[in-house]
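A.B. asks: One structure, pasted below without further comment.
The values are calculated or read from the model by the stated rules, or taken from the named source; none is laboratory data. Not measured: the values here are computed from a predicted model. Don't worry about glycine lacking a Cβ; one is built from the backbone with ideal geometry, like all the others, and counts go over all protein chains shown.
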């Protein structure tokens, strides 16, 4: 079983996942895509993956062709569902058992299509699968946060070319989410407003970092972008929980996502990227078993963060937490606004 | 001039350094070393770099051959010394002028030698240059922290092959250093001990993560390593400030550094890596102009952190602050201990 370890000086958790066991000879000079004679994410190869957890499938029985989106457990999970969450001190450190879940969302049966190439209706199905898995995993109170993310391209960490996203459920709230939640709570307590709403309004007024505005969503480059062409996609109206989006809202979100991904693909020639969905965490178990399985962190504002992987994270960034960005967010937004899509 | 921007939700600073201006077409699919017909860091090309700030040179006038270690301003600095530190709010954000310093330490005149290949006496000279520059830059009270780091190999962010390290002085204490300093202060206030000393003692007793022990230094893999084969080099005796090391101590540190770098080079076949020197910051100006130019953060414990760049930082890590490490620090330490150097 993997292990979560706490660094008392960096204040971060690390998952030591040695089941994926890497020895010195396993580290190659260049990262490479896994060679697969036949892709396990394509039609007809459903038996090459663990059995599906969920699928949107107009035809065929489970684990056969006919699906549009398919969710499976990761074959090499960094965290496993079986077992009990145990936490203890160890010298100056802390250690916790690696309980969690690790799922893969196969976004399309078509091997050669990226998420940007799918139709809005196909992307809506992907988003529906995200929502279904969020709601389901929240029923397990050991899981304190669900991390939904996508790695596109080898340099962004994707080991299989067939378009997919991943969902990792972790037994504690990750540091980045915990910080955002804390800031939102404190801001709301003193001002009775959402800090994200303030930020979105400020950006819509100033305009220079807006990439594209939709009736209910907006895409922009963040003011303090760590990386060139970093992007954020926000719902304009306050909403703390992605899982509360209805089908119509997911439909408009799909249009906004396709627009964002196509602009990026056009301007930067299909760059590697990561995106991650930030949403409020499930209700904590200390509150008892509630009727409502959603989140109660109402002062949070869910959104999507996207980072193209164009520059190296070097010694300075790693060692300081300071980032150096050679492209201003205003320039990046202008290039993306003018993209010929 | 570059600009420092604050993200109120991530609590981080970003240096927007557009003088290094990158447009969409500048982002290549693969990072590449700059092509240089003749290397500006080699003997005879001293006029191809800005004029030297400092050199250890047994012979020849400034900016000519004859040096052993040479320190120059970075030709493309992310921060500049000229100007005033100005800070203001901007909507929900903050912005600060990009005042600082950015220097390059050319570690050897020999183009084909890495730091691991230099003799302990040559490495001692490099360390002496680090110390000299620290002490000098501390006289400028606008500069709140000096970040000394090395990028080795293209994948670790080095754009020139000739072995060099860099020193960036910044107008505020970086988040990673600020967190460590805060933890050290709080730990000392409650226990009158150094948390790093506790950690080092615990590691020396448990032994499984120790790579090599010297009379006054020790190399180990951190318990909560974020990356495979991550390394730390600590002085065993409490010392808050690298700049207080005398020549004899730098001599032993050079031996320990060479040992660490050679083990890494042998076991992982010369991997790309970053290292960074963590030391206590200069005295703050609000205390007036002190006689002593050193640091007064006595409860800190200086050390060197090294990260080989073997794995990709993917969406999960970026989005959560959680790291997944496929190699246990205990295995990494065993491989490094057994290295045939």
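A.B. asks: Specify which of the listed residues (A:87, A:119, A:97) is modelled with pLDDT of 95 or more, more than 15 Å from the chain's Cα centre (by Cα) and either more than 30 Å from residue A:195 (Cα to Cα) or buried (at least 19 other Cβ atoms within 10 Å of the Cβ) (or both).
C.D. replies: Values: A:87 fails: modelled with pLDDT of 95 or more; A:97 fails: modelled with pLDDT of 95 or more.
Answer to the check: A:119.
A.B. asks: Which of (1) out of contact with any strand residue (DSSP E or B) (no Cβ under 8 Å at 6 or more places or on another chain); (2) in a loop (DSSP other than H, G, I, E, B); (3) at pLDDT 95 or above does residue B:291 not meet, given it meets every other one?
C.D. replies: (3)
A.B. asks: Find the residue count for segment B:222-251, including only residues that are assigned to a helix (DSSP H, G or I) and over 20 Å from residue B:145 (Cα atoms).
C.D. replies: As a first pass, look at segment B:222-251 and keep what is assigned to a helix (DSSP H, G or I): B:242-244, B:247-251.
From what is left, the residues that are over 20 Å from residue B:145 (Cα atoms) are B:247-251.
Total satisfying the criteria: 5.
A.B. asks: From the list B:84, B:103, which residue is under 30 Å from residue A:205 (Cβ atoms) and touching a strand residue (DSSP E or B) at 6+ places or on another chain (Cβ under 8 Å)?
C.D. replies: After ruling out the rest, the residue left standing is B:84.
A.B. asks: Then there is this: Check every one of the strands (runs of 3 or more DSSP E) wholly within segment A:1-120 and list those with 2 or more residues that are free of Cβ contacts under 8 Å to residues at least 12 places away in the same chain. Lay out the reasoning, then the answer.
C.D. replies: Numbers: elements: A:3-7, A:12-16, A:54-56, A:69-73, A:87-90, A:93-97, A:101-106.
Output list reads A:87-90.
A.B. asks: Provide a single number: the residues in segment B:100-116 that are more than 19 Å from residue B:76 (Cβ to Cβ) and within 19 Å of the chain's Cα centre (by Cα). Before you say what the answer is, go through the steps one by one.
C.D. replies: Step one: of segment B:100-116, the residues more than 19 Å from residue B:76 (Cβ to Cβ) are B:107-116.
Adding the requirement that they be within 19 Å of the chain's Cα centre (by Cα) leaves B:107-108, B:114-116.
Result for segment B:100-116: 5.
A.B. asks: Looking at (1) more than 12 Å from every other protein chain (Cβ to nearest Cβ); (2) under 26 Å from residue A:316 (Cβ atoms); (3) surrounded by fewer than 18 Cβ atoms within 10 Å (Cβ to Cβ), can you tell me which one residue A:231 breaks?
C.D. replies: Every condition holds for residue A:231 apart from (3).
A.B. asks: Just to be sure, is residue A:59 in contact with a helix residue (DSSP H, G or I) (Cβ under 8 Å, 6 or more places away or on another chain), over 26 Å from residue A:19 (Cα atoms) and surrounded by fewer than 18 Cβ atoms within 10 Å (Cβ to Cβ)? Let's see the steps before the verdict.
C.D. replies: Details: in contact with a helix residue (DSSP H, G or I) (Cβ under 8 Å, 6 or more places away or on another chain): no; over 26 Å from residue A:19 (Cα atoms): yes; surrounded by fewer than 18 Cβ atoms within 10 Å (Cβ to Cβ): yes.
Taking the combined requirement at face value, the residue does not satisfy it.
A.B. asks: Right, here's the next one. Quick check on residue B:334: is it more than 9 Å from chain A (Cβ to nearest Cβ), over 29 Å from residue B:185 (Cα atoms), over 22 Å from the mean Cα position of the chain (by Cα) and not in a loop (DSSP other than H, G, I, E, B)?
C.D. replies: When the stated conditions are applied, residue B:334 passes them.
A.B. asks: Right, next: Does segment B:126-147 contain any residue that is at the interface with chain A (Cβ under 9 Å from one of its Cβ atoms) and either touching a residue at least 60 places away in the same chain (Cβ under 8 Å) or outside any loop (DSSP other than H, G, I, E, B) (or both)? Show your work before the answer.
C.D. replies: Step one: list which residues in segment B:126-147 are at the interface with chain A (Cβ under 9 Å from one of its Cβ atoms), which gives B:145, B:147.
Those still in the list that are either touching a residue at least 60 places away in the same chain (Cβ under 8 Å) or outside any loop (DSSP other than H, G, I, E, B) (or both) too: B:145, B:147.
Yes: segment B:126-147 contains one or more residues that are at the interface with chain A (Cβ under 9 Å from one of its Cβ atoms) and either touching a residue at least 60 places away in the same chain (Cβ under 8 Å) or outside any loop (DSSP other than H, G, I, E, B) (or both).
A.B. asks: Here's something else I'd like to know. Residues B:212, B:236: which one is farther than 19 Å from residue B:332 by Cβ, surrounded by fewer than 21 Cβ atoms within 10 Å (Cβ to Cβ) and in contact with a strand residue (DSSP E or B) (Cβ under 9 Å, 6 or more places away or on another chain)?
C.D. replies: Values: B:212 fails: farther than 19 Å from residue B:332 by Cβ.
Unique residue meeting the criteria: B:236.
A.B. asks: Moving on to the next point. Filter segment B:150-163 down to the residues that are surrounded by 22 or more Cβ atoms within 10 Å (Cβ to Cβ) and at pLDDT 90 or above and list them by number.
C.D. replies: Selection gives B:150, B:151, B:152, B:163.
A.B. asks: Output the number of residues of segment A:1-43 satisfying the condition of being surrounded by fewer than 16 Cβ atoms within 10 Å (Cβ to Cβ), out of contact with any helix residue (DSSP H, G or I) (no Cβ under 9 Å at 6 or more places or on another chain) and either modelled with pLDDT of 95 or more or under 30 Å from residue A:88 (Cβ atoms) (or both).
C.D. replies: Final tally of qualifying residues: 3.
A.B. asks: If you don't mind, another one. Would you confirm whether or not segment A:183-199 contains a residue that is buried (at least 21 other Cβ atoms within 10 Å of the Cβ), within 11 Å of chain B (Cβ to nearest Cβ) and under 30 Å from residue A:98 (Cβ atoms)?
C.D. replies: yes
A.B. asks: When you scan segment A:87-100, how many residues do you find that are within 13 Å of chain B (Cβ to nearest Cβ) and in contact with a strand residue (DSSP E or B) (Cβ under 9 Å, 6 or more places away or on another chain)? Spell out the reasoning first.
C.D. replies: Applying the first criterion (within 13 Å of chain B (Cβ to nearest Cβ)) to segment A:87-100 yields A:89-96, A:98, A:100.
Next, from what is left, pick out any that are in contact with a strand residue (DSSP E or B) (Cβ under 9 Å, 6 or more places away or on another chain): A:89-90, A:93-96, A:98, A:100.
Going through segment A:87-100 one residue at a time, the tally reaches 8.
A.B. asks: Still on this structure, please answer the following. What are the residues in segment B:261-282 that are free of Cβ contacts under 8 Å to residues at least 60 places away in the same chain and either more than 14 Å from chain A (Cβ to nearest Cβ) or part of a loop (DSSP other than H, G, I, E, B) (or both), if any? Spell out the reasoning first.
C.D. replies: Step one: list which residues in segment B:261-282 are free of Cβ contacts under 8 Å to residues at least 60 places away in the same chain, which gives B:268-269.
B:269 - this is the single residue of segment B:261-282 that is free of Cβ contacts under 8 Å to residues at least 60 places away in the same chain and either more than 14 Å from chain A (Cβ to nearest Cβ) or part of a loop (DSSP other than H, G, I, E, B) (or both).
A.B. asks: Kindly indicate the residue of segment A:294-331 that is assigned to a loop (DSSP other than H, G, I, E, B) and under 18 Å from residue A:256 (Cβ atoms) and also farthest from the other protein chains (Cβ to nearest Cβ) among those meeting that condition. Break it down into steps so the answer makes sense when it comes.
C.D. replies: First pass over segment A:294-331, keeping only residues assigned to a loop (DSSP other than H, G, I, E, B): A:294-302, A:309-314, A:321-322, A:326-328.
Subset that is under 18 Å from residue A:256 (Cβ atoms): A:301-302.
On the way: A:301: 10, A:302: 13 Å.
Checked segment A:294-331; the qualifying residue farthest from the other protein chains (Cβ to nearest Cβ) is A:302.
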